[in-house]
Structure formats: C-alpha cells, structure tokens
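In what follows, a structure is listed as structure tokens, so that the remarks can point back to it.
The values are calculated or read from the model by the stated rules, or taken from the named source; none is laboratory data. Since we're looking at a predicted model, the values are computed, not measured. With ideal geometry, Cβ positions are generated from the backbone for all residues, glycine too; neighbour counts draw on all protein chains shown. Please note that ligands, DNA and RNA were not included when accessible areas were found on the heavy atoms of the full protein model with its side chains. Shrake-Rupley method; radii C 1.70, N 1.55, O 1.52, S 1.80 Å.
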Amino acid sequence: MPQSSTAAVESPKRAAILAQAVEVFAQQGYRHADVQEIADRAQVGKGTVYRNFASKEDLFDAATYDVLLRLERHMFGAVDLTEDPLQVLYRIGTAHTAFFDQHPSYLEIFVQNRAEFRGTVPPLHKELHEQMIGRLVEVVQRGIDGGQLAEGDPRSIVMALGTVLYGTIMFGCYVKDDYRLTALGEVSLRSFLRGIQGESESSQF
C-alpha cells in the first residue's frame, strides 16, 4: 500500500515564506498579493523569496502544494486503513471538511487556484492527488471484496466521493454564515455512504 507523502526537509526561512504566502494569497488574491509583503511578514528579504521560488506563480504553486500536503496528513494521519472500509471513508471524509472548517484560508487558496489558473494542476500536485486516490481505491476495493460496499468500479466511487466532498466545501463558501462545513459534510457524506453500502450490510449511516 502506498505510504503517506512527506514533505522534503525545508529550511526555516522557506517554511516561513510559505506560511505567510498562504495567508497573503488567501486574504488578497493571487493577482493583488505583493511578494514584498510576503517577505516582510516572513521577516526575510524579497531576494530570499526569489532565491527559494523562481516567480510569484511558483510561490503560489508551492503554497498550494503545502496546503495539499497538510490536507493529506490531516485526512490519513489518524486513520487505520485496515479498519472497516465504511468507517475509514467516513472518518476521512469528515476530516476533509473539518480541515477547511478549521482553516478557512486553506479553502481560499484552492478557490484562488481554480479562479486564476482554471484548474491547471502542476505535475507534483497531480502526483500527490493520484497517491491519495490510490489509497482510497484500495479501501473501496477491500470493501467491495468484503461485501461492505456495493459492486462498482472502485476508482469511479472514489471520484464520486471526491465530488461530494469538493462540492460541499465549495457550496459552504456561500452558506458559511448559516452552516458549518462540518455539519454540511456530515449530511452529504452519510447520504453518499448509504448509497454505496452493500445489500447485506446493516446500515451504519
């Protein structure tokens, strides 16, 4: 089974730049974000930023990837993938929405990425996405083999789950004053999991 990704060892300065880049991009948007302000907040010179990142776009890609790594660790870190497949999917799904509920700036980074770059995904991001999908496909396949999940194409089921989770956090942007993402995610996830349970499986959701 593929193992969780780990970020390369970073210097304290690079880590500080990325942390401040996430906040500035989230607050001001990609186009209006000032690299000098990111440098000032990180307490480094602007030249140091450009020694670590070739351009503003490169910095944004790195900041987005950093958030993606954090999401992966949050989703998979506390989950034993050998447990009951339905419970694994439930815990991973609730962790996903809780992550963005707890860190609104991280959600804004993903919104900015879609708005500015029309969903263009750098190779490193694609690799991490595929690794996460692969781990979930193994969980779903085990659930199908064990009868906990209905027959179906495991990758398609994982992609459908991703659509439910992504749709929840995007819709949550519009109703955040009335609903918490975790509450919306709970309803969406339970409905989805009920739909993919095997016929012989007693309802858990």
- [ ] Counting only heavy atoms of the protein chains, get the accessible area per residue of region 25-74 (1.4 Å probe) and round it to a whole Å² value.
- [x] 48
TODO: Starting from the Cα gyration tensor of region 106-185, take the square roots of the eigenvalues, sort them a ≥ b ≥ c, and report rounded, prolate or oblate (rounded when a/c is under 1.5, otherwise prolate if a/b is larger than b/c, else oblate).
DONE: oblate
- [ ] Provide the per residue accessible area, probe 1.4 Å, for region 143-205, rounded to a whole number of square angstrom.
- [x] 60
Open item on the list: Using a 1.4 Å probe on the protein heavy atoms, what percent of the accessible area of region 44-158 belongs to carbon and sulfur?
Closed with: 50
- [ ] Using label points projected 7 Å from each Cα along Cα→Cβ, tell me how many nm separate D58 and E116, to one decimal.
- [x] 1.5
- [ ] Please check which bits of region 145-168 a label hung off Q87 would reach, taking the label as a point 7 Å along Cα-to-C-beta and the cut-off as backbone N under 12 Å.
- [x] none
